[in-house]
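Colleague: Got a structure here, written out as structure tokens. Questions coming.
Read-outs: derived from the displayed coordinates by stated rules, not from any lab. Note that the coordinates shown come from a computational prediction; the quantities given were computed from them, not determined experimentally. Cβ placement follows ideal geometry from the backbone for every residue including glycine, while neighbour counts extend to all protein chains displayed.
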Amino acid sequence: MQTSITADLLNTDSGKRADEILRKCVHCGFCTATCPTYQLLGDELDGPRGRIYQIKSVLEGQPADREILTHLDRCLTCRSCETTCPSGVDYAELIDIGRLHIEQKNIRPFGQKLVRNLLGELLPYRNRNALLFKLGSFFRPLLPASLKQKAPLIRPAQEYKQLDTTPQKTVLLLEGCVQSTLSPNTNSAANTVLQALGYKVICEPVVSCCGAVNQHLNQVEKAEQWVLKNLSSWKQLNENKQLDAIVSTATGCGVMLKDYSKILKNISHNTEHYQPIIEKIKDISELFSADTLRNNLKSFEQGKQQVSYHAPCTLTHGHKLSEHLYAQLSALGYQLNIPQNAHLCCGSAGTYSLLQPTLSKQLRDNKLEALQQCSPEVIITANVGCEHHLNSAGDSPVLHWVELIANDIESSC
């Protein structure tokens, strides 16, 4: 694609990067075939190719308006288009650049600004979001149906047996700002699974946000503050504990964490000393091995229930670990049902379900219909957002996959 980005933008790192990405695009349109919003709306401007053209026009000096803002806001940033693209267009990075550039034009309606600012001030802080979720859960019976689905049912953490295993390595388990409130049992189950795999588990002294919420709301400076805060804390912890890995159980957070290297490039002061810490960041599925689990726990037996497997977009297109996790779970003997159109997003996408409720609900209902075709006893996933979004309307319970494993460890060992 030929470009003529304005000279002042080309003098910036983000402008140069946008130009590089745009020049990779060959207009083929393969991306539209796997774009969830294009599939729903059938509008070229609500597909990756159309959004790329809109970003290009604004970066080339055309005025940004609220129509363009709307089309970019409707993007889930699921990255399905990146998996499909034969030219290797880094679409997620481009739309981040485009969104921030348009956000700085100050054309967003006041009401939208207010909601986004509130989300950015509430969700990343565990004490604040805990109060919000508890209030929502308490008043849930009184809420209208449209809001009742948004009010979470919080499941307390389960206490699992301590396993008699000899740890070989030490990992830091990140609890997550929202997950520690909404799904504390995921962290408890992850602790058990990691012990079974031979890891000594250390938890964060202070639970912190990865920065994804602020990043996706175009609140870049706040996101950068979280990045530096986390890396500084983990570097100090690593010096004391000699960590072998820093483990995330939420794939959405994990993709953000693995992007810390890119984000650091936008921060002016010296940050190279953080690179060894970033290289330790892993999704828990990267540490999971069926062979290791069976070797360490000879008496382990998997459950026999029907299981549907929902691989989050961040696991499939971000980490690119969906097939690995499927293979490991299958090797343990689980019979996993993969739904039709598994590549399509469930509609959670961070704050998307709050900011784009109509599209989000359509995507959720489509995903649940596909997942429930086999009448599963349980649906497993790998991201807290997907878990609670799907749990808000489905007939089958939705769990993080580590809970499935931990429950079977508990019953068989």
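Colleague: Given an 8 Å cut-off on Cα distances and at least 6 residues of separation, report the relative contact order of the chain as a percent. Can you show the working numbers first?
Modeller: Details: 621 pairs, mean separation 60.0, N = 413.
15 percent.
Colleague: I've got another one for you. Could you give the semi-axes, largest first, of the ellipsoid that matches the range 263-337, computed as the square roots of 5 times the alpha carbon gyration tensor eigenvalues and rounded to whole Å? The partial results should precede the final answer.
Modeller: Values: eigenvalues 236, 56, 10 Å².
Each semi-axis is the square root of five times an eigenvalue, giving 34, 17, 7 Å.
Colleague: A further question follows. Give the Cα extents of the chain along the principal axes, in whole Å, largest first.
Modeller: Extents along the principal axes, in whole Å: 65, 49, 44.
Colleague: Suppose the chain between Lys161 and Asn337 were pulled fully straight at 0.36 nm per residue; how much longer would it get relative to their current alpha carbon spacing? Mind dumping the intermediate values first?
Modeller: Working: separation 176, 0.36 × 176 = 63.36 nm, distance 2.93 nm.
Taking Lys161 through Asn337 to full extension adds about 60.4 nm, to one decimal.
Colleague: Going toward the positive end of the dipole of the chain, with +1 on Lys and Arg Cβ and -1 on Asp and Glu Cβ, which of Ala311, Gly254, Asn341 do you reach last?
Modeller: Highest projection toward the positive end goes to Gly254.
Colleague: Classify the range 1-81: rounded, prolate or oblate, from the alpha-carbon gyration tensor (a ≥ b ≥ c, eigenvalue square roots; a/c under 1.5 rounded; otherwise prolate if a/b is larger than b/c)?
Modeller: Details: a/c = 2.23, a/b = 1.58, b/c = 1.41.
Prolate shape, in that a/c is at least 1.5 and a/b is the bigger ratio.
Colleague: Right, another one. Work out, step by step, the length gained on full extension between Val26 and Gln168: first 0.36 nm times the residue separation, then minus their alpha carbon distance; give nm to one decimal. Numbers along the way, then the final one.
Modeller: Details: separation 142, 0.36 × 142 = 51.12 nm, distance 4.90 nm.
Length gained, Val26 through Gln168: 46.2 nm.
Colleague: Highest mean first, what order results for 161-169, 379-387 on Cβ atoms within 10 Å?
Modeller: 379-387, 161-169
Colleague: Along the positive direction of the dipole of the chain (beta-carbon charges: Lys, Arg +1; Asp, Glu -1; about the Cα centre), which of Ala130, His216, Leu45 reaches farthest?
Modeller: Of the options given, the answer is Ala130.
Colleague: Next question. Treating the beta-carbon of each Lys and Arg as +1 and of each Asp and Glu as -1, no other charges, what is the dipole magnitude of the chain about its Cα centre, to the nearest 20 debye?
Modeller: Details: 41 positive and 41 negative charges, 127 e Å.
That gives a dipole near 620 debye.
Colleague: In square nanometres and to one decimal, what's the mean projected area of the convex hull around the Cα atoms of the range 296-413?
Modeller: Working: hull surface 28.9 nm².
For the range 296-413, the mean projected area of the Cα convex hull comes to 7.2 nm².
Colleague: Quick one: net charge around Arg126, please, counting Lys, Arg +1 and Asp, Glu -1 for every other residue with C-beta under 15 Å from its C-beta. If you can, show how the numbers build up before the last one.
Modeller: Numbers: positive: Arg128, Lys134, Lys229; negative: Glu121, Glu175, Glu204.
Neighbourhood net charge equals 0.
Colleague: What FRET efficiency comes out for the pair Glu323/Lys105, r = Cβ-Cβ distance, R0 = 56 Å, nearest 0.05? Working shown, then result.
Modeller: Working: r = 41 Å, r/R0 = 0.73.
Computed FRET efficiency for Glu323 and Lys105 comes out at 0.85.
Colleague: With a 10 Å cut-off between alpha carbons and a GNM built on the chain, which of His400, His389, His101 moves the most?
Modeller: His101
Colleague: Run the quick spin-label model on Lys304 and Glu67: label points 7 Å from Cα toward the beta carbon, then report their separation in nm to one decimal.
Modeller: 6.1
Colleague: With only Lys, Arg, Asp and Glu charged, each at its Cβ (+1 for the first two, -1 for the last two), find how big the charge dipole of the range 7-103 is about the Cα centre; round to the nearest 20 debye. Each step should come with its number before you reach the end.
Modeller: Numbers: 11 positive and 16 negative charges, 47 e Å.
So the magnitude is around 220 debye.
Colleague: Calculate I(q)/I(0) for the range 173-318 by the Debye formula, one identical point scatterer on each C-alpha and no solvent, and give its log10 at q = 0.09, 0.13 Å⁻¹ to two decimals.
Modeller: -0.31, -0.63
Colleague: Now for a different question. Lysines within cross-link reach of Lys280: Cα-Cα under 21 Å, excluding same-chain residues under 8 positions apart?
Modeller: Reachable lysines: Lys169, Lys200, Lys229, Lys235, Lys241, Lys258, Lys262, Lys265, Lys320.
Colleague: So for the range 7-103, taking the charge dipole from beta-carbon charges (+1 Lys/Arg, -1 Asp/Glu), which of Leu22, His71, Thr34 sits furthest toward the positive end?
Modeller: So the residue we want is Thr34.
Colleague: If I measure Cβ to Cβ between cysteines in the chain, which ones have no partner under 4.7 Å?
Modeller: So far as the 4.7 Å Cβ criterion goes, Cys25, Cys28, Cys35, Cys75, Cys85, Cys203, Cys346, Cys374, Cys386, Cys413 stand without a partner in the chain.
Colleague: When Lys and Arg each count +1 and Asp and Glu each count -1, what net charge do the other residues less than 11 Å away from Asp283, Cβ to Cβ, add up to?
Modeller: Details: positive: Lys258, Lys282, Lys320; negative: Glu286.
Residues near Asp283 contribute +2 overall.
Colleague: Given 0.36 nm per residue, what is the gain on full extension from Glu286 to Leu143 after removing their alpha carbon distance, in nm?
Modeller: Working: separation 143, 0.36 × 143 = 51.48 nm, distance 4.05 nm.
Once the chain is fully extended between Glu286 and Leu143, it gains 47.4 nm.
Colleague: If you don't mind, there's one more thing I want to ask. Could you tell me the relative contact order of the range 6-144? Use alpha-carbon pairs under 8 Å, at least six residues apart, and round to a whole percent.
Modeller: Details: 104 pairs, mean separation 33.3, N = 139.
Reported relative contact order: 24 percent.
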